[in-house]
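Report on the following structure.
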Amino acid sequence: MPRTRLKVKEVAASKGWTQSKLGRAADLNPRTMQEIYHNPYRDIAYSTLLKIARVLEVDVSDLIEEVPDR
């Protein structure tokens, strides 16, 4: 079964955003941002993804990908 992987770190970096700046702009707890960056297979709320997508000016679908299970 495929797993969902977050691409927040890669998309943010390609747009010049750091973890801390993105977290502040999206009004997210620093710990939440740290967990997203360090565990891309973490389950997160859709509302959190939506906040990040709005700041990065991308669609939510740009922040996730399905990868084959190992």
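Considered as a group, the residues in region 17-68 that are under 17 Å from PRO2 (Cβ atoms) and of a type in the set (Asp, Glu) include one that is farthest from the chain's Cα centre (by Cα), and that residue is GLU66.
Condition check ((1) over 19 Å from VAL67 (Cβ atoms); (2) part of a strand (DSSP E or B)) across all residues:
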{"position": "ARG5", "(1), (2)": "no, yes"}
{"position": "LYS9", "(1), (2)": "no, no"}
{"position": "TRP17", "(1), (2)": "yes, no"}
{"position": "ARG24", "(1), (2)": "yes, no"}
{"position": "ASP27", "(1), (2)": "yes, no"}
{"position": "MET33", "(1), (2)": "yes, no"}
{"position": "ILE36", "(1), (2)": "no, no"}
{"position": "TYR41", "(1), (2)": "no, no"}
{"position": "THR48", "(1), (2)": "yes, no"}
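Since VAL58 meets every condition but one in (1) assigned to a loop (DSSP other than H, G, I, E, B); (2) at pLDDT below 95, which condition does it not meet? VAL58 satisfies every listed condition except (2). Consider only pairs whose beta carbons are under 9 Å apart and that are at least six residues apart or on different chains; among these, list those whose first residue lies in region 1-12 and is in contact (Cβ under 8 Å) with a residue 60 or more places away in the chain and whose second residue is of a type in the set (Asp, Glu) and open to solvent by less than 80 Å² (accessible area, probe 1.4 Å). From region 1-12, the pairs are THR4/GLU65; ARG5/GLU65. Among residues of region 46-70 that are closer than 19 Å to GLN19 by Cβ, those with a beta-carbon under 9 Å from a residue that is in a strand (DSSP E or B) and open to solvent by 70 Å² or more (accessible area, probe 1.4 Å) at least six positions away or on a different chain give the pairs ILE64/THR4. When region 1-34 is filtered for residues that are out of contact with any Leu (no Cβ under 8 Å at 6 or more places or on another chain), open to solvent by 50 Å² or more (accessible area, probe 1.4 Å), at pLDDT 95 or above and more than 15 Å from ASP62 (Cα to Cα), the ones remaining, listed by number, are GLY16, THR18, GLN19, SER20, LYS21, ARG24, ALA25, ASP27, ASN29, PRO30, ARG31, GLN34.
The values are calculated or read from the model by the stated rules, or taken from the named source; none is laboratory data. Values in this document were obtained by computation on a predicted structure and should not be read as measured data. Cβ sites come from the backbone with ideal geometry, for glycine too, and all protein chains shown count toward neighbours. Just the protein is used for accessible areas: all its heavy atoms, side chains included, with ligands, DNA and RNA removed. Shrake-Rupley method; radii C 1.70, N 1.55, O 1.52, S 1.80 Å.
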